[in-house]
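Asker: Got a structure here, written out as structure tokens. Questions coming.
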Amino acid sequence: MALVHEAPDWRTYRMDVRRPFAALEPLEQEIARVDAALSALVAAGVLPHARYDRERFARHRAEVAAAFDIPWTAITPRMHRLLYAINSIQQPRTLVAVGIFCGFTFIANAGAGLGAGACYAAERLLGIEIDPGEATRAARNVAAVDGDGRARILPADGVAALRELTGTLDLLYLDANGGGEQGKSIYLDMLAAARHALVAGSLVLAHNSLNCAAALADYLATVRDPANCRQSVNVCIDGEGLEVSLIAGAAPQE
């Protein structure tokens, strides 16, 4: 049975996708909703603790709001804070985000490792976007806040790029769409493509676990299987949702 954390108002919490930084609620309530989600992840054994630096996040958000060209996004203010907080807590040495569009989904994760909100030094921060035009925009956006040049934006097919990863992958963020009718069901292909790099304790974050649950049925069944993940929690703080999964162990040997 899937573990679920629900904010009491996730069904009514909505944003204007063209105004990603518009305040939707009092800041204290946004913080409280995300804190409750983090506490649920700690209780489930997915995160070691729920502490992150709120002031660093505020600096990160302000920097991104000033520097990024974002035509639209479904990453709500709550989700932005949650993604940053998870990365801040987990501090992945290697982070890969797939389906980053203009780069906002990437920086929501990678902002804990670069720019004004950095709280640790990552070894590899990689964003993958199949659309060459959006990959160019993402690279330009990220460069505006990445003074140390820590991040890399790769214009590529996500499945192919994940298959070619070397080393271990500490955190994988999925937000891509497959061609034709495949849509979000491509997450399962991406998980399989990255499986050789995922180790016990790696996190996989899958956006749209709520509004695309039907398309993600096979993916969700896979990450909720104890043979694959130690734990998986559907975090419902907005209408999109985020499935947070903790990998159980090494990939099977062939």
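Asker: Could you say which residue among R51, R59, R78 is under 14 Å from the mean Cα position of the chain (by Cα) and either part of a helix (DSSP H, G or I) or modelled with pLDDT of 95 or more (or both)? Step through it out loud before you land on a result.
Answerer: Values: R51 fails: under 14 Å from the mean Cα position of the chain (by Cα); R59 fails: under 14 Å from the mean Cα position of the chain (by Cα).
Exactly one of R51, R59, R78 is under 14 Å from the mean Cα position of the chain (by Cα) and either part of a helix (DSSP H, G or I) or modelled with pLDDT of 95 or more (or both), namely R78.
Asker: Right, next: Provide a single number: the residues in the stretch 105-118 that are over 13 Å from L174 (Cα atoms) and surrounded by 24 or more Cβ atoms within 10 Å (Cβ to Cβ).
Answerer: Residues in the stretch 105-118 being over 13 Å from L174 (Cα atoms) and surrounded by 24 or more Cβ atoms within 10 Å (Cβ to Cβ): 6 in total.
Asker: Looking only at the stretch 198-219, count every residue that is within 17 Å of the chain's Cα centre (by Cα), surrounded by fewer than 21 Cβ atoms within 10 Å (Cβ to Cβ) and of a type in the set (A, V, I, L, M) and tell me the total.
Answerer: 1
Asker: For residues that are touching a residue at least 60 places away in the same chain (Cβ under 8 Å) and farther than 14 Å from L174 by Cβ, tally how many sit in the stretch 236-252.
Answerer: The qualifying residues number 5.
Asker: How do the strands (runs of 3 or more DSSP E) wholly within the stretch 83-189 filter down when requiring 3 or more residues that are of a type in the set (S, T, N, Q): which remain?
Answerer: Details: elements: 94-98, 124-129, 151-155, 169-174.
Output list is empty.
Asker: Keeping to the stretch 204-229, report how many residues are among the aliphatic types (A, V, I, L, M) and closer than 15 Å to L162 by Cβ.
Answerer: Residues in the stretch 204-229 being among the aliphatic types (A, V, I, L, M) and closer than 15 Å to L162 by Cβ: 3 in total.
Asker: Could you list, ordered by first residue, the pairs with Cβ atoms under 6 Å in which the first is in the stretch 117-135 and without any contact (Cβ under 8 Å) to a residue 40 or more places away in the chain and the second is among the aromatic types (F, W, Y) and assigned to a helix (DSSP H, G or I), at least 6 apart or interchain?
Answerer: Close Cβ pairs satisfying both conditions: G127/F106.
Asker: For a quick check of your reading of the model, give me the residue pairs whose first member lies in the stretch 167-190 and is without any contact (Cβ under 8 Å) to a residue 24 or more places away in the chain, whose second is hydrophobic (A, V, I, L, M, F, W, C), with beta-carbon atoms closer than 7 Å and at least 6 apart or on different chains.
Answerer: G178/I186
The values are calculated or read from the model by the stated rules, or taken from the named source; none is laboratory data. In this text, all values refer to a predicted model and were calculated from it rather than measured experimentally. Cβ atoms come from the backbone with ideal geometry, glycine included; neighbour counts cover every protein chain shown.
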